[in-house]
Amino acid sequence: MSALALAPKPPGEGPEDDVHLTLREHLIELRKRLKWALIWLVAGFLACYHWAEQIFALLMRPVRAALPDGEKNLFFKSSVEPFFIYLKVALYAGLFIAAPLILWQIWAFVAPGLYRKEKKAILPFVAAATVFFVAGAAFCYVIILPPAFDFLIHSAGPDIKPVLMMDDQLGLVMMLIIAFGLIFELPLILTFLSMIGIVDYKFLGKYRRHAIVINVIVAAFVTPTGDPFNLALMAVPMLLCYELGVLGAWVFGKKKEEPAGGTP
C-alpha cells in the first residue's frame, strides 16, 4: 500500500468522523432509523386522530363552499367509510407533523458519509424544501381549490344536483395539495442539479421554450378542470418556479474551472 493511501485526510476534506461500517452494521443502523421514523409517524397519527374530523372539515371547506346553498353535505357509501376516512386524514396530518423528525432520521443515517461542505449545504436545503412544500400546499388550498371546485360543480348545469362522496373528495383534494407542494420544489431541484454539475443556468435558459411547453402539458394533466383560467393558475406558478430554478442555478451552480495556464 502506498504512503499516499496511508496518509491521513486533510481536515475538512473527508467525511466527518470517517465512519467505516460493515454491511451488517449499515443494515442495523438503517433498521434503527426506520424504527424511530415509524415511531414518530405513529405518534403524529395518534396526536392527530383526535382532531381528524376537524381536519377533514378544514380540507373540505373549498368543496362545501362551491356547493349550492342548503346542499352542502357530503355522503358516504357504507357505515365504516367515515371511520376509515378519518384514519386516513389522521395519517396524512400525522405524516405532515412528523416530517421534520422523520427527515432527521434520514439525515442521521446519511450524515456520517458526507463531507463537511455537503452537510452545510444539505441542512439549508432541507429547511428550504419544507418551506417551499408548505407554500405550494397553501397556494393550492387558498388559490386553486376554490375556483376549481366552483367550476367543476357548476359545470353540470342547474338541473343536476351533486352527490359528492367523502372519500372521493378527500382523495382529489390531497392529490392536488401534494402535487402543488412537489411542483414548488422545482427551484430547489434545479439548483441542486446545478450544484452537482448536471445542468447549469445556460443550459436551462437555452431550453426555456421546451420547459414552457412541458409545464403547460403537466398543468393540463394535473388541473382538474379544462378551462384556461384554472390552467393558467397552475401553469404560471410552474413557470415562475422554473425561473427561480434558473436563478438558483446561476447563483449557486457549480462553477467551471479555468484550464491550467489559461489554455483551452
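The values are calculated or read from the model by the stated rules, or taken from the named source; none is laboratory data. On a predicted model such as this, the values are computed, not experimentally measured, just so you know. Glycine gets a Cβ as well: all are built from the backbone with ideal geometry, and neighbour counts include every protein chain shown. Remember, those area values only see protein heavy atoms, side chains included, never the ligands or the DNA or RNA. Shrake-Rupley method; radii C 1.70, N 1.55, O 1.52, S 1.80 Å.
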Checklist outcome for this item: accessible surface per residue for the chain, probe 1.4 Å, DNA/RNA/ligands not counted, whole Å² -> 65
Checklist entry - If you take the beta carbon distance between Arg116 and Arg208 as r and set R0 to 45 Å, what does 1/(1 + (r/R0)^6) give as a FRET efficiency, to the nearest 0.05? => result 0.80
Checklist entry - How many percent of the accessible area of the stretch 104-205 is carbon or sulfur, using a 1.4 Å probe? => result 75
Checklist entry - Among 52-65, 24-37, how do they line up from the highest to the lowest mean number of other beta-carbon atoms within 10 Å? => result 52-65, 24-37
Checklist outcome for this item: Over all directions, the chain yields a Cα convex hull whose mean projected area in nm² is 20.8
Checklist outcome for this item: What helix-only [θ] at 222 nm does the chain give? Using -39500 (n - 2.57) per DSSP H run of at least 4, over all residues, to the nearest 500, the answer is -23000 deg cm²/dmol
Checklist entry - What's the local net charge at Gly70, with K and R +1, D and E -1, over the other residues with C-beta under 15 Å away? => result +1
Checklist entry - So who's got an amide H within less than 5 Å of the one on Met165, skipping anything under 5 residues away but keeping other chains? H placed 1.01 Å off N, in plane. => result Phe75
Next on the checklist: List the pairs from Lys35/Lys119; Lys72/Lys161; Lys202/Lys254 whose alpha-carbon separation is above 20 Å, in the order I gave them.
Outcome noted: Lys35/Lys119
Checklist outcome for this item: Longest principal axis of the chain (C-alpha) makes with the long axis of helix 81-110 (C-alpha) an angle, in degrees to the nearest 10, of 10
Item to check | Normalised contact order of the chain, rounded percent, pairs of Cα under 8 Å and 6 or more residues apart | outcome: 23
Item to check | Projected label distance in nm at Val142 and Ile196, using a 7 Å step from Cα toward the beta-carbon | outcome: 3.3
Next on the checklist: Can you order the peptides 149-159, 177-187, 79-89 by their average number of other Cβ atoms within 10 Å per residue, highest first?
Outcome noted: 177-187, 79-89, 149-159
Checklist entry - Roughly speaking, what is the stretch gain from Leu101 to Glu71, that is 0.36 nm per residue apart minus the C-alpha to C-alpha distance, in nm to one decimal? => result 6.7 nm
